[in-house]
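Okay, so here's the structure we're looking at.
Every number in this text was worked out from the coordinates using simple rules, so none of it is lab data. Keep in mind the model is a prediction, meaning the values are calculated, not measured. Quick reminder, even Gly has a Cβ in these numbers, built from the backbone with ideal geometry, and neighbours come from all protein chains shown.
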Amino acid sequence: MADFTFNGKILKNRTGQKMGEIDRTFIRAWNSSKLGEIDRKSIRNAQSKKVAEFDGKVVKDDLGNKLAAIQDIQKLIEGPTGMPLVAMWYFFVRK
């Protein structure tokens, strides 16, 4: 079983605690503070700096280095595949 669940809007850990949520294009923490933003195929941090890019299969950092594949992310987070899942992984799960 995955450590996290994502229903397309809210990310919860295995105990059911809310870790973060997606508010339109913004990624917010459990306390509603803005952590980042989804901008088409890019993920930006709170200061609007591009931090990652997702091409549908692979997540790359701002320099173009591979961070993870979508299959690796799906093993950690249970939920619908897509840019929102990748953004939640980037801000809350990635170590």
One residue is enough: does the stretch 20-42 have a residue meeting the conditions assigned to a loop (DSSP other than H, G, I, E, B) and touching a Ser or Thr at 6+ places or on another chain (Cβ under 9 Å)? no
Return the only residue of Ile10, Ile22 being under 14 Å from the mean Cα position of the chain (by Cα), under 16 Å from Thr81 (Cβ atoms) and among the β-branched types (Val, Ile, Thr). Ile22
Residue pairs qualifying under the 9 Å Cβ cut-off, at least six apart or on distinct chains, with the first in the stretch 3-28 being under 18 Å from Lys75 (Cα atoms) and the second being assigned to a strand (DSSP E or B) and among the aromatic types (Phe, Trp, Tyr), are Leu11/Phe4; Lys12/Phe4; Lys12/Phe6; Asn13/Phe4; Arg14/Phe4; Met19/Phe4
I'm trying to understand the selection: among the residues of the stretch 29-43, which are loosely packed, with under 12 Cβ neighbours inside 10 Å and either within 13 Å of Ala87 (Cβ to Cβ) or in contact (Cβ under 8 Å) with a residue 60 or more places away in the chain (or both)? Arg40
Kindly establish whether Phe54 is over 10 Å from the mean Cα position of the chain (by Cα), surrounded by 15 or more Cβ atoms within 10 Å (Cβ to Cβ) and among the aromatic types (Phe, Trp, Tyr). yes
Give just the number: which of (1) at positive phi; (2) touching a Pro at 6+ places or on another chain (Cβ under 8 Å) does Ser32 not satisfy? (2)
How many residues, within the stretch 75-95, are within 11 Å of the chain's Cα centre (by Cα) and either part of a helix (DSSP H, G or I) or within 26 Å of Ser33 (Cβ to Cβ) (or both)? 14
